[in-house]
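Enquirer: Dumping the structure here so I can ask a few things about it.
Readers should treat all values here as calculations from the given coordinates under stated rules, not as data from a laboratory. Keep in mind the model is a prediction, meaning the values are calculated, not measured. Methodologically, a virtual Cβ is constructed for each residue, glycine included, from the backbone with ideal geometry; neighbour enumeration extends over all protein chains shown.
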Amino acid sequence: MDGEGLSRRIKSSPAGDNLMAITVEATYEHGVIKPKRRLRIAEGSRVQVTITTLEKVADPLAGVVGIGASGRTDGARAHDRHIYKKRRP
């Protein structure tokens, strides 16, 4: 990326067409993605957007990690005893 948050590269598609790839920093506000720089693409051009957040995103499963940490290592063998408080016949 250059000092202004923009990088470009040209690549070929499987059909042999030249495609331009641009990486630009942007802000998402009220349902609209707003690039920090003017994009040099033709008005009405169809583009594909890939979103990568720059801030860390909280892990939605972080609250349940370790929830079953009891220290028991015989869970399968002693299942009934641990769950029902009784021994298998």
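Enquirer: Which number in (1) surrounded by 10 or more Cβ atoms within 10 Å (Cβ to Cβ); (2) in contact (Cβ under 8 Å) with a residue 24 or more places away in the chain marks the one condition that LEU54 misses?
Expert: (1)
Enquirer: Among the residues of the range 43-70, write down those that are of a type in the set (Val, Ile, Thr) and farther than 17 Å from VAL24 by Cα.
Expert: VAL57, VAL64, VAL65, ILE67
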